[in-house]
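To start, the structure itself, in C-alpha coordinates.
The values are calculated or read from the model by the stated rules, or taken from the named source; none is laboratory data. Everything numeric here is computed off the predicted structure, so don't read it as measured data. Cβ placement follows ideal geometry from the backbone for every residue including glycine, while neighbour counts extend to all protein chains displayed. Accessible surface is based on the protein model in full, side chains and every heavy atom, while ligands, DNA and RNA are left aside. Shrake-Rupley method; radii C 1.70, N 1.55, O 1.52, S 1.80 Å.
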Amino acid sequence: MSWLSRIFGKEEEEKAYEFPPMPIKEAVEQAGGSIAAAAAGATSAEEAESGEPIPPERVGLDGKYDQSGLAKRVVRAFDDNPDTNDIETIWVAQLGTKVVLKGTVPTQEDLDRLVSIAEGVEGASEVDTSEVEVSA
(Lines give C-alpha, C1' and ligand atoms only; values in the text may rest on other atoms or scores of the structure.)
Protein backbone atom coordinates (compact mmCIF):
# COMPACT_ATOMS: atom_id res chain seq x y z
CA MET A 1 0.00 0.00 0.00
CA SER A 2 1.30 3.45 -0.87
CA TRP A 3 2.01 6.16 1.68
CA LEU A 4 -0.68 8.40 0.20
CA SER A 5 -3.32 5.71 0.25
CA ARG A 6 -2.44 4.61 3.80
CA ILE A 7 -2.41 8.10 5.31
CA PHE A 8 -4.80 10.16 3.17
CA GLY A 9 -6.87 7.60 1.26
CA LYS A 10 -7.12 6.14 -2.23
CA GLU A 11 -8.47 9.39 -3.72
CA GLU A 12 -5.25 11.25 -2.91
CA GLU A 13 -3.19 8.45 -4.42
CA GLU A 14 -5.23 8.73 -7.61
CA LYS A 15 -4.82 12.51 -7.59
CA ALA A 16 -1.04 12.04 -7.35
CA TYR A 17 -1.09 9.94 -10.53
CA GLU A 18 -3.26 12.50 -12.30
CA PHE A 19 -1.09 15.49 -11.32
CA PRO A 20 2.66 14.83 -11.62
CA PRO A 21 5.04 16.55 -9.19
CA MET A 22 6.07 20.05 -10.25
CA PRO A 23 7.13 23.28 -8.55
CA ILE A 24 4.20 24.53 -6.47
CA LYS A 25 4.08 27.92 -8.20
CA GLU A 26 3.64 26.18 -11.55
CA ALA A 27 1.04 23.77 -10.14
CA VAL A 28 -1.00 26.63 -8.66
CA GLU A 29 -0.85 28.62 -11.89
CA GLN A 30 -2.01 25.59 -13.90
CA ALA A 31 -4.93 25.26 -11.48
CA GLY A 32 -5.84 28.90 -12.13
CA GLY A 33 -4.68 30.39 -8.85
CA SER A 34 -1.74 32.30 -7.48
CA ILE A 35 0.82 31.54 -4.82
CA ALA A 36 1.31 33.76 -1.78
CA ALA A 37 4.72 35.41 -1.50
CA ALA A 38 4.89 34.44 2.17
CA ALA A 39 3.16 32.02 4.48
CA ALA A 40 0.48 34.64 5.17
CA GLY A 41 -2.36 34.48 2.69
CA ALA A 42 -5.41 32.31 2.25
CA THR A 43 -6.30 30.54 5.47
CA SER A 44 -9.29 28.62 4.19
CA ALA A 45 -10.56 26.96 1.04
CA GLU A 46 -13.17 29.72 0.68
CA GLU A 47 -10.51 32.44 0.65
CA ALA A 48 -8.40 30.47 -1.82
CA GLU A 49 -11.38 29.98 -4.13
CA SER A 50 -12.14 33.69 -4.02
CA GLY A 51 -8.81 34.42 -5.68
CA GLU A 52 -6.67 34.97 -2.60
CA PRO A 53 -3.09 33.69 -3.03
CA ILE A 54 -2.41 30.24 -1.57
CA PRO A 55 0.39 29.92 0.99
CA PRO A 56 3.02 27.39 -0.16
CA GLU A 57 2.25 24.98 2.70
CA ARG A 58 -1.43 24.84 1.65
CA VAL A 59 -0.84 23.84 -1.98
CA GLY A 60 -2.28 20.40 -2.64
CA LEU A 61 -1.23 17.73 -5.09
CA ASP A 62 -3.43 19.28 -7.77
CA GLY A 63 -2.20 22.86 -7.26
CA LYS A 64 -5.36 23.89 -5.42
CA TYR A 65 -5.84 24.93 -1.80
CA ASP A 66 -5.52 21.98 0.60
CA GLN A 67 -5.29 22.35 4.38
CA SER A 68 -2.88 19.36 4.43
CA GLY A 69 -1.10 20.20 1.18
CA LEU A 70 2.45 20.15 2.54
CA ALA A 71 1.92 16.84 4.37
CA LYS A 72 0.49 15.27 1.21
CA ARG A 73 3.41 16.47 -0.88
CA VAL A 74 5.84 15.05 1.71
CA VAL A 75 3.99 11.73 1.64
CA ARG A 76 4.15 11.70 -2.17
CA ALA A 77 7.92 12.26 -1.91
CA PHE A 78 8.13 9.25 0.43
CA ASP A 79 6.14 7.22 -2.13
CA ASP A 80 8.59 8.26 -4.86
CA ASN A 81 11.59 6.97 -2.91
CA PRO A 82 12.06 3.19 -3.16
CA ASP A 83 14.06 3.15 0.12
CA THR A 84 11.00 4.22 2.12
CA ASN A 85 8.43 1.79 0.66
CA ASP A 86 8.52 -0.70 3.52
CA ILE A 87 8.11 1.80 6.38
CA GLU A 88 4.46 1.55 7.37
CA THR A 89 4.62 2.76 10.96
CA ILE A 90 5.14 6.49 10.39
CA TRP A 91 2.41 9.10 10.05
CA VAL A 92 2.84 12.56 8.57
CA ALA A 93 1.12 15.78 9.62
CA GLN A 94 1.87 19.45 9.38
CA LEU A 95 1.73 22.49 11.61
CA GLY A 96 1.97 25.41 9.21
CA THR A 97 5.27 24.94 7.40
CA LYS A 98 6.56 22.38 9.93
CA VAL A 99 6.35 18.70 8.92
CA VAL A 100 5.55 16.45 11.87
CA LEU A 101 6.51 12.77 11.79
CA LYS A 102 4.94 10.37 14.31
CA GLY A 103 5.38 6.66 14.92
CA THR A 104 8.20 4.13 14.81
CA VAL A 105 11.05 3.55 12.36
CA PRO A 106 13.26 0.47 12.16
CA THR A 107 16.59 2.36 12.25
CA GLN A 108 18.09 5.80 12.73
CA GLU A 109 19.19 5.62 9.09
CA ASP A 110 15.53 5.29 8.05
CA LEU A 111 14.58 8.30 10.16
CA ASP A 112 17.44 10.34 8.73
CA ARG A 113 16.30 9.41 5.21
CA LEU A 114 12.69 10.46 5.93
CA VAL A 115 13.84 13.76 7.43
CA SER A 116 16.08 14.47 4.45
CA ILE A 117 13.25 13.79 2.00
CA ALA A 118 10.76 15.90 3.98
CA GLU A 119 13.22 18.81 4.25
CA GLY A 120 13.56 18.76 0.47
CA VAL A 121 9.85 19.29 -0.15
CA GLU A 122 9.05 22.81 -1.25
CA GLY A 123 7.30 24.75 1.51
CA ALA A 124 8.75 22.76 4.43
CA SER A 125 10.63 24.92 6.95
CA GLU A 126 11.51 22.19 9.46
CA VAL A 127 10.82 18.57 10.39
CA ASP A 128 9.72 17.60 13.90
CA THR A 129 10.67 14.04 14.89
CA SER A 130 10.03 14.35 18.63
CA GLU A 131 7.20 11.80 18.34
CA VAL A 132 9.24 9.21 16.44
CA GLU A 133 10.75 6.17 18.13
CA VAL A 134 13.66 4.22 16.62
CA SER A 135 13.03 0.51 17.28
CA ALA A 136 16.54 -0.80 16.62
Kindly sort M1, M22 by accessible area of their heavy atoms, largest first, with the probe set to 1.4 Å.
M1, M22
T104 versus S125: modelled label distance in nm, points set 7 Å from Cα along the beta carbon direction
3.3 nm
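Can you check what the net charge comes to around E12, using other residues whose Cβ is under 12 Å from the Cβ of E12 (Lys, Arg +1; Asp, Glu -1)?
Details: positive: R6, K10, K15, K72, R73, R76; negative: E11, E13, E14, E18, D62, D66, D79.
Charge balance in the 12 Å sphere: -1.
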In degrees, nearest ten, helix 69-80 long axis to first principal axis of the chain (Cα)
50 degrees
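Kindly provide the helix-only [θ] at 222 nm of the chain, computed as the sum of -39,500 (n - 2.57) over DSSP H runs of four or more divided by all residues, to the nearest 500 deg cm²/dmol?
It comes out at -10500 deg cm²/dmol, rounded to the nearest 500.
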Given a Förster radius of 41 Å and the C-beta distance between D86 and E29 as r, what FRET efficiency does 1/(1 + (r/R0)^6) yield to the nearest 0.05?
0.70
Could you work out which residue, out of A71, A36, A124, moves most in a Gaussian network model of the chain, that is, has the largest mean-square fluctuation with Cα springs under 10 Å?
A36
Placing +1 at every Lys and Arg Cβ and -1 at every Asp and Glu Cβ, with all other atoms neutral, what dipole size does the chain have around its Cα centre, in debye to the nearest 20?
140 debye
